[in-house]
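Student: Take a look at the following structure, please.
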Amino acid sequence: MGDYRPTRDDAWDLLNKHVKNDSQIKHALAVEATMIHFAKLYNEDVEKWGVIGLIHDLDYDQYPDEHCKITEQLLRDENWPEDYIRGVLSHGWKLCTDVEPKEIMEKVIYTVDELTGLIAATALMRPSKSIMDMEAKSVKKKWGQKSFAAGVNREVIEDGAGLMNMELKDIIHETILAMREVAEEIGLKGDL
């Protein structure tokens, strides 16, 4: 089993087995699309990055208080490779794990996990309720309003931008482009 490589179908089946909450599924799809987008930008393994994005919150729906710990066990039970497990665990760095993002893939998921939530919330506040006509400046405008999308940890996003060595506005822009690819599936197509 040492060279088992989980496919997108494996990840999708696992996700649907453990996650029943529709907004959690949409979040998983948004992070998957964003990971795929960044994998292409960095000329990295698109399927691997996408799979990790898709299953990163596997346990959050049923076990929010044990977030990442249950996922780690579920993935080990399925014989998932260590680097995939580490990639997933790194998104919870300083929140619920001590797995520091080292690889570029880990830095990206750490950064975009929270950011996709802020972008989705911003899009839903627009008259069009769409991500298709939204720009990074709209997200930046909402950034400073701590009461807006209060659950989004902006510090994590800022730390992540530093780890990625990329300007925040550029990361926001690329994440919006990525999420547009799945706008229909994640409910952000809106009324354009």
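Student: Find all pairs meeting these conditions: Cβ atoms under 9 angstrom apart; at least six residues apart or on different chains; first residue within the stretch 164-180 and free of Cβ contacts under 8 Å to residues at least 12 places away in the same chain and among the basic types (Lys, Arg); second residue surrounded by fewer than 19 Cβ atoms within 10 Å (Cβ to Cβ) and not in a helix (DSSP H, G or I).
Tutor: The qualifying pairs do not exist here.
Student: Which ones in the stretch 150-180 are charged (D, E, K, R), surrounded by 17 or more Cβ atoms within 10 Å (Cβ to Cβ) and under 17 Å from residue 31 (Cα atoms)?
Tutor: Across the stretch 150-180, the qualifying residues are 174, 180.
Student: Out of all the residues in the stretch 175-190, which are over 13 Å from the mean Cα position of the chain (by Cα) and either assigned to a helix (DSSP H, G or I) or farther than 17 Å from residue 50 by Cα (or both)?
Tutor: Answer for the stretch 175-190, where residues must be over 13 Å from the mean Cα position of the chain (by Cα) and either assigned to a helix (DSSP H, G or I) or farther than 17 Å from residue 50 by Cα (or both): 177, 180, 184, 187, 188, 189, 190.
Student: Please tell me if residue 109 is part of a helix (DSSP H, G or I) and either under 23 Å from residue 33 (Cβ atoms) or touching a Cys at 6+ places or on another chain (Cβ under 8 Å) (or both).
Tutor: It is true that residue 109 is part of a helix (DSSP H, G or I) and either under 23 Å from residue 33 (Cβ atoms) or touching a Cys at 6+ places or on another chain (Cβ under 8 Å) (or both).
Student: Which residues, counting only those in the stretch 134-189, are small (Gly, Ala, Ser), closer than 19 Å to residue 106 by Cα and touching a His at 6+ places or on another chain (Cβ under 8 Å)?
Tutor: 178, the sole residue that qualifies.
Student: Could you pull out the residue among 42, 60, 4 that is within 19 Å of residue 93 (Cβ to Cβ) and not polar (S, T, N, Q)?
Tutor: 60
Student: Out of the residues in the stretch 128-149 that are in contact with a Gly (Cβ under 9 Å, 6 or more places away or on another chain) and farther than 18 Å from residue 177 by Cβ, which is surrounded by the fewest Cβ atoms within 10 Å (Cβ to Cβ)?
Tutor: If we take residues in the stretch 128-149 being in contact with a Gly (Cβ under 9 Å, 6 or more places away or on another chain) and farther than 18 Å from residue 177 by Cβ, then 129 is surrounded by the fewest Cβ atoms within 10 Å (Cβ to Cβ).
Student: Go through the stretch 75-117 and give me each residue that's in contact with a Pro (Cβ under 9 Å, 6 or more places away or on another chain) and β-branched (Val, Ile, Thr).
Tutor: The answer is 108, 109, 111.
Student: Please tell me if residue 159 is assigned to a helix (DSSP H, G or I), in contact with a strand residue (DSSP E or B) (Cβ under 9 Å, 6 or more places away or on another chain) and over 12 Å from residue 119 (Cα atoms).
Tutor: Yes.
Student: Given 112, 88, which one is without any contact (Cβ under 8 Å) to a residue 40 or more places away in the chain and either among the aromatic types (Phe, Trp, Tyr) or within 27 Å of residue 42 (Cα to Cα) (or both)?
Tutor: 88
Values quoted throughout were computed directly from the atomic coordinates according to the rules given, and no laboratory measurement underlies them. Because the structure is predicted, anything quoted here is derived from the model rather than measured. All Cβ positions, glycine included, derive from the backbone under ideal geometry; neighbour counts span all protein chains shown.
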